[in-house]
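Rule-based calculations on the coordinates, nothing more; no lab input. All figures in this text were calculated on a predicted structure; none of them were measured in a lab. A quick note on method: Cβ atoms are made from the backbone with ideal geometry, for glycine too, and the neighbour counts reach across all protein chains shown.
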Amino acid sequence: MPEPRSAVKNKPRKTRSSFNFNNKRIAELSALARCVYPDETGDYVLPDDNKGTALANALITHLSRGGPRNCRWLFDFCKDRAPWLDPNEIDVTALRPKRADILGAEIGLTAELRNQLKITTIRPCDQTTEQFEILAKDRRRQRDKERKRRQYAKEGRTPRSQSLSQLCPWHDQGISRRTWERRRKQAQQENQSLGGDCVSLSARDNPVANVSTNSHTVASGYICDSLSLTAIERKENEMSNIKHTKPWIAEGVSRATWYRRRKAGKAKTQHVFYCKSNVIPFPKKWVTPRLEEIPISECYAA
């Protein structure tokens, strides 16, 4: 069913974009002429050479597309900006806008002058197409990065410069990131199980700093007591030293073999605290046995 005329009449119209390529190029060409060919009055007068002629033709081309229908403006332009140019010899209908790279080569626009005047509709003559595209991509990436930074700051997000990957708090402790993350997870689990006075472990702070007595504080991790991680820290430091010293290389065996022998040696000399009877018969092969060095399997077998 079609809409009634009253609804169509009151419907808001779509507004056109305020950007006009023709007006923007006229403004940029005028700014370039004022910068390169200034006069005493603060305006510009174009010289009678190749670059001046190309710049005058470009201005006349774009002025004719958006200017008045009569040719009075053409006589005024030639009189004030290009006195050496005869307006009667110019066919305005035959002029066509030129591409950005061709126009930049004709008027001699350099990259430095282009960046200084902030020209965007004309390409520089001292850069190839590949170089210009690479630099344009870098500028676009920087603009997007700055836009995202402002957006994240407005939303209250953490900047990338303050993230864990940039701060690297594990380097100050001489451990790997995996170890640091594992300790933080263990401390968080202990806090959830014990729920006492805690030491809050922030994601960007030292794991043994910022003492807090509030057990309900939400943070990246917790340490319920500095002494509760003593055994964990001792084991981690031992493993870290083993990884750095690499004793299996000195013994001429593989890492797996060294760990297997180390595990077998620990199992052979486990400490014995209680047995089935108080009297422990020592094996005959041990001349001077010690109570703490008797294997558990032999103790129970006896």
Placing +1 on each Lys and Arg Cβ and -1 on each Asp and Glu Cβ in the stretch 10-159, then taking the dipole about the Cα centre, the residue among PHE77, SER64, GLN142 whose Cα reaches farthest towards the positive end is GLN142
Taking the dipole of the stretch 81-185 about the Cα centre (Lys, Arg +1; Asp, Glu -1; charges at Cβ), the one of THR129, GLN162, GLN151 that reaches farthest to the positive side is GLN162
Net charge near SER30 (other residues with Cβ under 14 Å of its Cβ; Lys, Arg +1; Asp, Glu -1) is +1
The answer for the net charge of residues other than PRO247 whose Cβ lies under 11 angstrom from its Cβ, with Lys and Arg +1 and Asp and Glu -1, is +4
Rounded to the nearest Å, the spacing of the alpha-carbon centers of the stretch 150-186 and the stretch 41-60 is 58
Along the stretch 178-194, Karplus-curve 3J(HN,Hα) (6.51, -1.76, 1.60; θ = phi - 60°) to the nearest Hz, with x for Gly and Pro, reads 4, 5, 5, 5, 5, 5, 5, 5, 5, 5, 5, 5, 5, 5, 5, 7, 8
Around ARG160 (Cβ within 10 Å, Cβ-to-Cβ, excluding ARG160; K/R +1, D/E -1) the net charge comes to +4
Ranked on Cβ counts within 10 Å of their own Cβ, fewest leading, GLU106, GLU238 go GLU238, GLU106
